[in-house]
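Participant: Below you will find the structure I want to go over with you.
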Amino acid sequence: MQKIKIKNADVVKFISYFIVFFLLFFWYNKTNSPTFIWDFNSASIYSQEEKKVVWNEGFFLWEKRQEKPYLTINFKPDYIKIDPNLIKILDLNIKSKYFKEKVTPLSLVIDWERTDPRWQVSGNSLILTSKAKINSETIKVFVHELGHIVDIYYLNDKNWFDKSEDFYKISWLAYNIKNKNAKITDFVSGYSLSNKYEDFAESFVFYIFHNEEFLRRAKSNYSIKLKYNFFKNYIFSESEFNNTSFWSWSIATYNWDSTKIWINLKKYLYYIR
């Protein structure tokens, strides 16, 4: 059998051709690869385009893809009237550095038929009544619902275990069973006494809008102190909202619903910009 001799020069030539071919192929895919776009409705608010190299069927391809939007808005029914300024304010909250990482991507459903409850978290969607008006209560209820999302999703995804349990055990034995020694003053509002999830969301609202008052109560109530420190250490660890005050008069010791405590909305919106 005749042996085929391969010269070193031939090997070098082959490798050189292969490298040139690979570089040309890579360049072609980089400039001509298809664009993959996530399908969302036209009310979606998109973040910036993401580009990355991916491995596809034995070759590296340059894939251009639109990131998942941080906020998707759907209407029920499809065509309803709602104040566009309200949407702008909600969007401002969502994309602010204080919330975006914790609550996005968020699906917002604006429902014409909803009257009560005013807002509701359902799965990974937040449902809003289209009758909502621009006032401090509406924005505080919105933030209350964001608190549920932080509780259910953000703290769960961020840690190997459900970090919310550290908050619940301060006052709760189970879903709506309080610790034996729990007192009314251990809660920031009457509504927070309903169950451990509402306690979390109401405390979330109180930390953001009434931080100064929350801290004042924490100095004389150990349970309140533990709740304040939970938000300070695990959710707003970069001193967000510390010692802020968005209201101009004293808060009663007992309030049924913290979202109904008036705040200076302009002052709050200026802070989160």
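Each value in this text was obtained by applying a stated rule to the coordinates, not by laboratory testing. Treat the numbers as computed from the prediction; the structure is a model and nothing was measured. Here the Cβ is made from the backbone with ideal geometry for all residues, glycine too, and neighbour counts use every protein chain on show.
Participant: In square nanometres, what is the average projected area of the Cα convex hull of region 179-273? Before the final figure, lay out the partial values.
Facilitator: Details: hull surface 24.3 nm².
Computing the convex hull of the Cα atoms and averaging its projections yields 6.1 nm².
Participant: Sticking with this one: Ranked from highest to lowest mean number of other Cβ atoms within 10 Å per residue, what is the order of the peptides 88-101, 193-206? Could the numbers behind the result be given before it?
Facilitator: Values: 88-101: 15.9, 193-206: 23.0.
So the peptides 88-101, 193-206, ranked by packing, come out 193-206, 88-101.
Participant: Further question on the same structure: Can you list the residues, at least 5 places off or on another chain, whose amide H is less than 5 Å from the amide H of Val121, using H built in the peptide plane?
Facilitator: Ile127
Participant: Count the net charge of all other residues whose Cβ sits under 12 Å from the Cβ of Ser194, scoring Lys and Arg as +1 and Asp and Glu as -1. The partial results should precede the final answer.
Facilitator: Details: positive: Lys178, Lys196; negative: Glu198, Asp199, Glu202, Asp257.
Every neighbour counted, the sum reads -2.
Participant: What is the packing order of peptides 218-226, 102-110, 136-144, taking the mean over residues of other C-beta atoms within 10 Å and listing the highest first?
Facilitator: Numbers: 218-226: 14.9, 102-110: 19.3, 136-144: 21.7.
Ranking the peptides 218-226, 102-110, 136-144 by packing returns 136-144, 102-110, 218-226.
Participant: So how do 239-245, 229-235 stack up, highest first, on mean other-Cβ count within 10 Å?
Facilitator: Working: 239-245: 14.0, 229-235: 17.4.
Going by the mean number of other Cβ atoms within 10 Å, highest first, we get 229-235, 239-245.
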